[in-house]
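The structure appears right after this line, and notes come after that.
No value in this document is a laboratory result; all are computed from the given coordinates. Computed from a prediction, not measured in an experiment: that's the story for all the values here. Ideal geometry is used to build each Cβ from the backbone, glycine not excepted, and the neighbour counts take in all protein chains shown.
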Amino acid sequence: MVDYSKWNDKDLDALLDDSDDEDSKIKAPPPSLAASGVDDDRQASKIAESVAAIRIGAASQKNTETKLATSQEMRAELDSLPLSGLYARSLEVYEQIHGNSDVEGCPDTPAERDILIDRALAYLQRADDVSDRAGLFSDNETIEDVKTGDLKYILIPSFVAELLGEQMETDLRAAALKRSEEAYKRFLERCVTMKAAPES
């Protein structure tokens, strides 16, 4: 066990320094402890493990703080945007997801793609909630009764269904597919009810 009580701030700063020469930092004992015999391989290995743990912990905390800040920013944006803004933002992210490599922000990995899908779904689901609260689509109306500018919002459940079906995260795949099926069913039922699609 490394006795940290003998370590001064200068020793810790040297071990936590982010210079490129990792091996020399870890294997060499702190100057103040060199005379105490802290120079054998086993002690050096323990020091290396301790430093690695400190670094991993710091990186994990920073990553958590970044995700929390991003989540808070996203909630603030969702709360501030009107229906038209939510829909427009969802389409922007949708284009990023399905764009080619020339599209700015196009995901390079499946993980990045899933992050964008989650973002697009957040916009779409909030837009769906807003449209429902506004009563844009009634069971007593047909598509001819809907304002031209509001017709595009009929497509929201279809976009939700498509994106849920494209999520690749293994642990959530089954649940995502079930939600995708439900969203498609809702979209088709809406189209039939509003006479935007033939009954069959």
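Name the residue farthest towards the positive end of the dipole of the range 112-172 from the options Gly165, Val130, Asn140, assuming +1 on Cβ of Lys and Arg, -1 on Cβ of Asp and Glu, about the Cα centre. Sorting the options by dipole projection puts first Val130. What translational diffusion coefficient, in µm²/s and rounded to a whole number, does the Stokes-Einstein relation yield for the range 135-178 at 20 °C and a viscosity of 1.002 mPa s, taking the hydrodynamic radius as the Kirkwood radius over Cα pairs? Translational diffusion coefficient: 172 µm²/s.
Start at zero, step by 5 Å, and the Cα-Cα distances of the range 116-162 spread as 5, 20, 29, 24, 14, 6, 2, 0 percent across the bins. Bin width 5 Å, origin at 0, all Cα-Cα pairs of the range 75-184: what percent of pairs per bin? Over the range 75-184, the share of Cα pairs per 5 Å bin runs 2, 12, 20, 21, 20, 14, 7, 3, 1, 0 percent.
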